[in-house]
Amino acid sequence: MKTIRIAKGYNLQLGGRPSTEVESLPEPARLALLPEHIPFIKPRLLVAVGQTVRQGTPLIEDKRNASVRFLSPGGGRIAEINFGHRRVIQEIVIERDAQEQAVAFESIAESELETFPRKRLIEAILAGGLWPLIRQLPFRDYAQMELEPPMIIVGLGSLEPFQPLPEVYLAGKESLFEYGLTALKRLAPQVHVCAPDSGDSLPDRLSSLVSLHYSGPYPAHDPGVILYRVKKSPEENRAWYIAGQDVLLLAHLLKTGTYPTERDIVLAGPSATTRKHFRTRLGVPLADITAGRREEGDIRHIEGGVLSGFVGSDQTYLGFYESAVNLLPEGNRKGELLGLFRPGYRRPSYSRTFISKLNKNDLVYDCNIHGGDRACIACGYCAQVCPVDILPQFAYKSILAGEVEESLEHGLLDCVECGLCSYVCPSKIELAETLHRARVNYYIEQSK
Amino acid sequence: MGTIEKLFESWRKHFENGGRFERWYPFFESIESVFFAPARVTENAPNVRDHLDVKRFMMLVIVALLPHYAFGVYNVGHLAHLASGLSTDFGAVVFTGLKTVVPLVVVTYMVGFFWETLFAVVRKHEISEGLFVSCALFPLTLPPTIPLWQAALGISFGIVIGKEIFGGTGRNFLNPALTGRAFLYFAYPAQLSGDAVWTQLLAGRNAPVDAFTSATPLAIAAVTDRLGDAQSALADSGYSITTLLVGTYPGSIGGTSTLLCIVGAVFLIILGIANYRIVVGCVAGLLATGFFLNLVAPEGSLPYLAVNPIYHLLMGGAMFGFAYMATDPVSAAHMPVSKWVFGFLIGALTVLIRVFNPAYPEGVGLAILFMNLFAPLLDHIEIKIRLKKRVPNV
Ligand code: SF4
Ligand code: SF4
């Protein structure tokens, strides 16, 4: 078996690791879909407040391709539709009924699956609202079904703090996972299941399915990083990928013909008082997970990992692609007196300018920026950590200068949005965010 | 809230929007953030950020320079007393040194800070701490006899022409402190060259006592006539290898002690602030070129050609330039291989300028400025090569 060793990257020394314990949460009273956090889609609302929906009723479709729809995660009544800035649809909230009704979709028997026509399979996934779980590099929009991708990368595990562990969400679902892989193999000539090379915690039956091992610091697990290392020609740039847990959702839909509901979520981070996995539903309110399980005070609710996740709150719901809630102190107060001159035994830094470099324990993290905005001082740290060998400081400059071609040459589209360059920058330049925006603009420009 | 924090809070309103000194906010921010890191939090991914900021980065360079100040104060005072035939009692020597160095530092910082604040206010950005490093470096490169007004002029030139007209720290391609130093050299050669400027004379003297050598080692090595060899000429003037290493000889205020420069360079390299490629490259370039000249020097030619390359490292401010000026990340080469080349050529040019240009005894400053100009080209070539290796993704 092949192991990909990735040298560049960086691991945070962050505490608050989740245990492998799983607790089943009571059924939530409300569920929601968050179109705002699904990249690139142009949602058209298909429901109105007060309307009754079943589990699996389409809520929105994408104006760019009306066959791509997002379905209701539960049955009940549309309670709220919340709009944000410029009427972006933020949340579609469903109040659940006690007796939930579910839409019935086509189910495909395991014996049929291996010979099931590709086109019909795609239609079944589209109808079941789960096509967007399969995403396409480099922009991470949902996959373009009319193309055949060079490969599909299935990612098991994540090195980002903190994400659900594959040995937890796959436990007892091995055959469902295999079913899902069989379905994916109908879509692409190659399906690579990627797991960490320290992944001996996977049950035997699963480790035999793994075709690529990765090792190295965060974000060695990222499909974009793996693709960067395995690709040999530009044709392979448009690979597809899907998260390990999402393969289970897909398999559930196709096997049972019902819209899946179960989701294993991890609650972790230094400000969480209980850190473990929770079995709950897609679109669960964050408060259902965090209430009574977090410290008091100004706590940031991060949906997703600490580096790449987005800012939520205990008033929001879990996003379509997310399966982690990480809690961290907000850090919105001034630093300690003359902290500039202190050795900093517990202050994390990629550089060697704090004595914490000698501290092997967990360090103290919060969401403070820890410095003022300055011009680039050419320290080179950003280039040292970038897992895909971009020179973020130069790519950044070419973006600011409006030189799109030059930034592409620099590998703009290889960027996996890991956020490490912004993390390490002493001048506090928003490198990753700038690169991200440039990619989005380029993509939108291109698909016009 | 502590007392100091309250104090800043009470001042803050005058500097914020609508306050009396609103325009001077960069000044306030710069001072306040020395005491307290700001309370700003992230608004987008990544949610967490490194604790290192530019302030700490630059502060550590200044920490590395402090021993040079301590040494410089002592050396300036000590030499002044020796040359003037006064007692070399430690307290008296230090007092004389302080009387020379402190005003220079104060003037440099006041003038430098003034320009930086002015540009920050006009451009509406925060004050960059690169300034504090430039202002810490600049006095160390000057002769102790420099008039204060010249120091003020020099740092002004360095900050304004060397940095601000290019857009400020991060956009400059010359080292500001060196730019100011070079300007002074060309504008006021009388105060920056010759044997007389490197030692102060006290007690109304206008010539040193007889036993005192005021010629710098570089001057001696450069003017030795064909008959003697440069090394013995140095030894005759009392400049043994140890003296040169420790730095107790006439020269710029803080640049003579090669030993301290090595300590400082190692300190900065361990912290990851100075890049080892540049420092090692510089030293290698200097030694290799010195050695090469030894090999090709014909019998009976310029004795300077035959000087043991180690002397080049020990004499004058070469190591000071390598450790603190060449490693300025902004004006140095940015790419790894380019850094080697950049360093090596600085070392080589330092020797060549010293040996072949008698009008300019110390070559390191010009060598660094010259390579500052070429660094972008080196980077450009290396980046082009590197980008060719990528699998295109468009
Ligand atoms: S450019 Fe920045 S965000 Fe993108 S992959 Fe490199 S380090 Fe990560
Ligand atoms: S980390 Fe920031 S300051 Fe350092 S080179 Fe990159 S952009 Fe410049």
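The values are calculated or read from the model by the stated rules, or taken from the named source; none is laboratory data. Because the structure is predicted, anything quoted here is derived from the model rather than measured. Counting neighbours? That spans all protein chains shown, and the Cβs are built from the backbone with ideal geometry, glycine included. Ligands, DNA and RNA are excluded from the accessible area calculation, which covers all protein heavy atoms including side chains. Shrake-Rupley method; radii C 1.70, N 1.55, O 1.52, S 1.80 Å.
Exactly one of these conditions fails for A:Val364: (1) facing chain B (nearest Cβ under 8 Å); (2) away from ligand 2 (no atom under 15 Å from the Cβ); (3) hydrophobic (A, V, I, L, M, F, W, C). Give me its number.
(1) is the only condition that A:Val364 fails.
Can you name the condition, by its number, that B:Phe267 falls short on among (1) under 14 Å from B:Val61 (Cβ atoms); (2) surrounded by 24 or more Cβ atoms within 10 Å (Cβ to Cβ)?
It fails just one condition, (2).
Please specify each residue of segment A:289-312 satisfying the condition of being buried (at least 21 other Cβ atoms within 10 Å of the Cβ) and more than 14 Å from chain B (Cβ to nearest Cβ).
A:Ile289, A:Thr290
Kindly list the number of the only condition in (1) buried (at least 24 other Cβ atoms within 10 Å of the Cβ); (2) modelled with pLDDT of 95 or more; (3) of a type outside the set (Asp, Glu); (4) assigned to a helix (DSSP H, G or I) that fails for B:His334.
(4)
Can you tell me which residue within segment B:342-393, out of those that are charged (D, E, K, R), open to solvent by 20 Å² or more (accessible area, probe 1.4 Å) and outside any loop (DSSP other than H, G, I, E, B), is nearest to B:Gly180 (Cα to Cα)?
The selected residue is B:Glu382.
Here is a check on your reading of the model: is A:His221 under 17 Å from A:Ile4 (Cβ atoms) and out of contact with any Pro (no Cβ under 8 Å at 6 or more places or on another chain)?
No: the conditions fail for A:His221.
Residue by residue, here is whether (1) open to solvent by 10 Å² or more (accessible area, probe 1.4 Å); (2) within 7 Å of chain B (Cβ to nearest Cβ) holds:
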| residue | (1), (2) |
| --- | --- |
| A:Gly319 | no, no |
| A:Lys357 | yes, no |
| A:Asn368 | no, yes |
| A:Ala375 | yes, yes |
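Quick one: in segment B:9-56, which of the residues that are basic (Lys, Arg) and facing another protein chain (nearest Cβ under 7 Å) is most open to solvent (accessible area, probe 1.4 Å)?
That would be B:Arg40.
Please go through segment B:84-108 and give me each residue that is under 22 Å from the mean Cα position of the chain (by Cα) and open to solvent by less than 60 Å² (accessible area, probe 1.4 Å), ordered by number.
B:Gly97, B:Thr100, B:Val101, B:Pro103, B:Leu104, B:Val105, B:Val107, B:Thr108
What is the one condition in (1) touching a residue at least 40 places away in the same chain (Cβ under 8 Å); (2) open to solvent by 60 Å² or more (accessible area, probe 1.4 Å) that A:Arg346 does not satisfy?
Just one mismatch for A:Arg346, condition (1).
For segment A:56-78, which residues satisfy the criterion of being farther than 17 Å from A:Ala98 by Cβ, open to solvent by less than 10 Å² (accessible area, probe 1.4 Å) and in a loop (DSSP other than H, G, I, E, B)?
A:Gly56
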